[in-house]
Amino acid sequence: MERTVTFTVNGQSRTVTTDPERPLLDVLREDLHLTGTKYGCGEGSCRACTVLLNGKSVPSCLTSVGDAGNQTVVTIEGLANGEKLHPLQEAFLSAGASQCGYCTSGMIMGAAGLLKEKANPSEAEIVARMQKHICRCGSYPRILQAIRTGISKGAS
Ligand code: FES
Ligand code: FES
């Protein structure tokens, strides 16, 4: 049964009337047209769909929109500060850390979630956190380099 769900997305209050069991990913992409968040597997195995929910990185394919009700969601579209890209975005660009780019927003949001938990994670902590993020192009060395650079440039 449909229900009205209100939540904050990228700083704006949004309301949708929908089945509360629908994946947040579908609502972001189809209803709110925030297509930077990608559908990869739909079952929690690739993390292409990662967003921040109350500052914590989560796979939006496994999060129901009902669970996001009255919560705060940030997608890749909301990470920049106006015209100024987030340091992780800058670092991914300058490192050339994407080929097809399909995994990129999920990678950046996953790293952003890690930095919200720990400002200066160790190499082992970065690798452990990013382990669940799949890059089908195999750009892992550049992705890790970009995350390290983003941290050194003040990403938080
Ligand atoms: S689409 Fe969500 S983890 Fe793959
Ligand atoms: S750059 Fe293609 S999936 Fe990662």
Problem - Overall dimensions of the stretch 55-103 by Cα: Rg and Dmax, Å - result: 13.6, 38
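What does the helix-only formula give at 222 nm for the chain: each DSSP H stretch with n ≥ 4 adding -39500 (n - 2.57), the total divided by the residues, and the result rounded to the nearest 500 deg cm²/dmol? Before the final figure, lay out each step's value.
Working: 4 runs with 44 residues, N = 156.
That calculation yields -8500 deg cm²/dmol at 222 nm.
Pop out the carbon and sulfur fraction of the accessible area of the stretch 39-156 as a percent, whole number, probe 1.4 Å.
Numbers: 2870 of 5750 Å².
Within the stretch 39-156, the accessible surface is 50 percent carbon and sulfur.
Based on the Cα gyration tensor of the chain, what are the three equivalent ellipsoid semi-axes, each the root of five times an eigenvalue, rounded to whole Å and given largest first?
Working: eigenvalues 141, 50, 36 Å².
After scaling each eigenvalue by five and taking roots: 27, 16, 13 Å.
For 148, 136, 3, write out the residues from largest to smallest accessible area, computed with a 1.4 angstrom probe and no ligands counted. Walk me through the numbers before you get to the answer.
Working: 148 85, 136 180, 3 115 Å².
Descending order: 136, 3, 148.
With every protein chain present, what is the per residue accessible area of the stretch 52-112 (1.4 Å probe, Å²)? Write out the running numbers ahead of the final one.
Working: 2600 Å² over 61 residues.
Computed with neighbouring chains in place, this is 43 Å² per residue.
Which three semi-axes in whole Å describe the equivalent ellipsoid of the stretch 84-154, each the square root of 5 times a Cα gyration tensor eigenvalue, listed largest first? Could the numbers behind the result be given before it?
Values: eigenvalues 56, 40, 21 Å².
In descending order, the three semi-axes are 17, 14, 10 Å.
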Problem - Average Cα contact separation per residue, the chain, under 8 Å, 6 or more apart, as relative contact order % - result: 24
Handout entry: Karplus-derived 3J(HN,Hα), 6.51/-1.76/1.60, for each residue of the stretch 77-93, Hz, glycine and proline x
Key = 5, x, 7, 5, 9, x, 7, 8, 5, 5, x, 5, 5, 4, 5, 5, 5
Completion exercise
Here the residues of the stretch 41-67 lying in the modelled label zone of residue 2, meaning backbone nitrogen under 20 Å from a point 7 Å along Cα-to-Cβ, are 64-67
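When the solvent-accessible surface of protein heavy atoms is calculated with a 1.4 angstrom probe, in what order do 39, 102 fall, highest first? Provide the component values of the computation, followed by the final result.
On the way: 39 110, 102 75 Å².
So the residues, ranked largest to smallest area, are 39, 102.
The values are calculated or read from the model by the stated rules, or taken from the named source; none is laboratory data. Computed from a predicted model, the values in this text were never measured in an experiment. A quick note on method: Cβ atoms are made from the backbone with ideal geometry, for glycine too, and the neighbour counts reach across all protein chains shown. Surface areas here come from the heavy atoms of the whole protein model, side chains and all, with no ligands, DNA or RNA. Shrake-Rupley method; radii C 1.70, N 1.55, O 1.52, S 1.80 Å.
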